[in-house]
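The values are calculated or read from the model by the stated rules, or taken from the named source; none is laboratory data. Since this is a predicted model, take the numbers as computed values, not measurements. Don't worry about glycine lacking a Cβ; one is built from the backbone with ideal geometry, like all the others, and counts go over all protein chains shown. When the accessible area is computed, the model is the full protein with side chains, heavy atoms only, and any ligands, DNA or RNA have been set aside. Shrake-Rupley method; radii C 1.70, N 1.55, O 1.52, S 1.80 Å.
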Amino acid sequence: MVDLQSQYYKIKNEVDNAVINVMNSAAFINGPEVKFFQSDLENYLDVKHVIPCANGTDALQIALMALDLKEGDEVITADFTFAATVEVIHLLKLKSVLVDVNYDTFTIDPEQIRKAITPKTKAIIPVHLFGQCANMEEILKIAKEHNLYVIEDNAQAIGANYTFSDGTVKKSGTMGTIGTTSFFPSKNLGCYGDGGAIFTNDDDLAHRLRGIVNHGMYERYYHDEVGVNSRLDSIQAVVLRQKLPLLNNYNEARQWAANYYNEAFADHADILTPVTADDTNHVFHQYTLRIMNGKRNELQKFLSEKDIPAMIYYPVALRKQKAYYQESNDADFVNTDKLLNEVISLPMHTELDEEQLKYITDAVLEFMSAE
Ligand SMILES: *Cc1c(COP(=O)(O)O)cnc(C)c1O
């Protein structure tokens, strides 16, 4: 699905030197490199504060902790996403309210958010799934009307742009109250281990978030609240500092591969290629098709026999997972329930070449055209 090795070899000298410098400096934790990366990322995103942390799941949890929610407060998010988003809501004893997604873009449906709002609703977590932004204009409008926080789960779309109807363009993750991301190696901006970050334009929230990631400590050895220990280490920071200037190129390489796929599948009636909403660009964390002939699982098996990895993101709705099970009316989740049976994600990374793409698309078309 990804080729992190080839990507590394292209920047090996720079990265190796940077990592060795950290080892020589022995500033493994809280070293200056973490601050440098923080500032580089603030500039890239045009956001006031970046708070690095240990991973994308922590980033979501810490974001929710900073909002002073009370047990039982409701947080609306999508039924069709990676589990981390919902997991942290439950860890903090908040109530997750899962809603359906848009059938074409796979991102949370603002109309369904509206319907799910109750007096207990405190926050919305839109997920910028697979590499494109959720409908932020509408979501921010709803949030304003109902006085809700918005936490953007931007683990899959770092570098994507969102365009508001007045023409303003913003980076994904910088529009809500707080944005979060993950630097897991296979994400669009990945480090060589675990890493994550939290973004905000709010000075008070930034102060709070910096305290929470550091044991609830705002003054050395004075603990004002129960926090966590969540840090990005210096070795990951220097890897990220080398890779950040390449992020736009990386995203363009993904878009180029996506275009190749799109063109190859354009004329096949049973293959729906990814749809990008008008208000966002797509940085293709995943390239996800919808297979309309009911043979998605057989296609996956066929590809696997040809050594082509293909994954089902995601096979089970979160509302039906044992850990987060909630009573629901299936009629409210028609899109999610269709997608679970139709979606398949093809290899997508920065190193795909024409030969590989041809091999993959030929195989998909061979299976889909044999009736
Ligand atoms: C990867 C991911 C996360 C979690 O990130 P980790 O760094 O693995 O903890 C959260 N949300 C989404 C949508 C993700 O894709």
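Checked against the criterion of being without any contact (Cβ under 8 Å) to a residue 60 or more places away in the chain, within 30 Å of Q38 (Cα to Cα) and either open to solvent by 60 Å² or more (accessible area, probe 1.4 Å) or more than 18 Å from the chain's Cα centre (by Cα) (or both), the candidates E327, E305, E252 yield just one match: E252. Would you call R208 open to solvent by 30 Å² or more (accessible area, probe 1.4 Å), more than 12 Å from the ligand (Cβ to nearest atom), at pLDDT below 95 and more than 21 Å from A157 (Cβ to Cβ)? Against the criterion (open to solvent by 30 Å² or more (accessible area, probe 1.4 Å), more than 12 Å from the ligand (Cβ to nearest atom), at pLDDT below 95 and more than 21 Å from A157 (Cβ to Cβ)), R208 does not qualify. Residues in region 271-302 that are touching a helix residue (DSSP H, G or I) at 6+ places or on another chain (Cβ under 6 Å), open to solvent by 30 Å² or more (accessible area, probe 1.4 Å) and within 28 Å of N135 (Cα to Cα): T273 alone.
Reported count of residues in region 222-281, each being in contact with a Cys (Cβ under 6 Å, 6 or more places away or on another chain) and not hydroxyl-bearing (S, T, Y), is 3. Only a single item in (1) more than 19 Å from A257 (Cα to Cα); (2) in a helix (DSSP H, G or I); (3) not β-branched (V, I, T) is not met by E327, and it is number (2). Can you find a residue that is within 16 Å of the ligand (Cβ to nearest atom) and either in contact with a His (Cβ under 8 Å, 6 or more places away or on another chain) or under 18 Å from I142 (Cβ atoms) (or both) anywhere in region 53-75? Yes, region 53-75 contains at least one residue that is within 16 Å of the ligand (Cβ to nearest atom) and either in contact with a His (Cβ under 8 Å, 6 or more places away or on another chain) or under 18 Å from I142 (Cβ atoms) (or both). Quick check on region 157-194: of everything there that is polar (S, T, N, Q) and open to solvent by 20 Å² or more (accessible area, probe 1.4 Å), which residue is farthest from N281 (Cα to Cα)? Per the criteria, the residue is T177.
Scan I151, I178, I142, I124 and give me the residue that is farther than 28 Å from L346 by Cα, touching a strand residue (DSSP E or B) at 6+ places or on another chain (Cβ under 9 Å) and away from the ligand (no atom under 16 Å from the Cβ).
Values: I151 fails: away from the ligand (no atom under 16 Å from the Cβ); I178 fails: away from the ligand (no atom under 16 Å from the Cβ); I124 fails: away from the ligand (no atom under 16 Å from the Cβ).
Criteria check complete, one pass: I142.
Could you check region 47-118 for strands (runs of 3 or more DSSP E) lying wholly inside it with 3 or more residues that are over 30 Å from I344 (Cβ atoms)?
Values: elements: 49-53, 74-78, 95-99.
Output list reads 49-53.
Only residues that are open to solvent by less than 70 Å² (accessible area, probe 1.4 Å) and under 14 Å from G190 (Cα atoms) were counted in region 218-241, giving 8.
Which is touching a His at 6+ places or on another chain (Cβ under 9 Å) and either modelled with pLDDT of 95 or more or among the aliphatic types (A, V, I, L, M) (or both), of Y260, Y218, Y287? Every option except Y218 fails the conditions.
Note on region 336-362: residues that are open to solvent by less than 30 Å² (accessible area, probe 1.4 Å) and under 18 Å from L318 (Cβ atoms) amount to 6. A single entry from V22, V15, V34 fulfils the requirement of being assigned by TED's automatic domain parsing to the domain that holds G190 and either in contact with a Cys (Cβ under 6 Å, 6 or more places away or on another chain) or within 17 Å of L247 (Cβ to Cβ) (or both): V15. Restricting to region 16-37, give me the number of residues that are surrounded by fewer than 18 Cβ atoms within 10 Å (Cβ to Cβ) and within 26 Å of the chain's Cα centre (by Cα). Of the residues in that region, 4 qualify.
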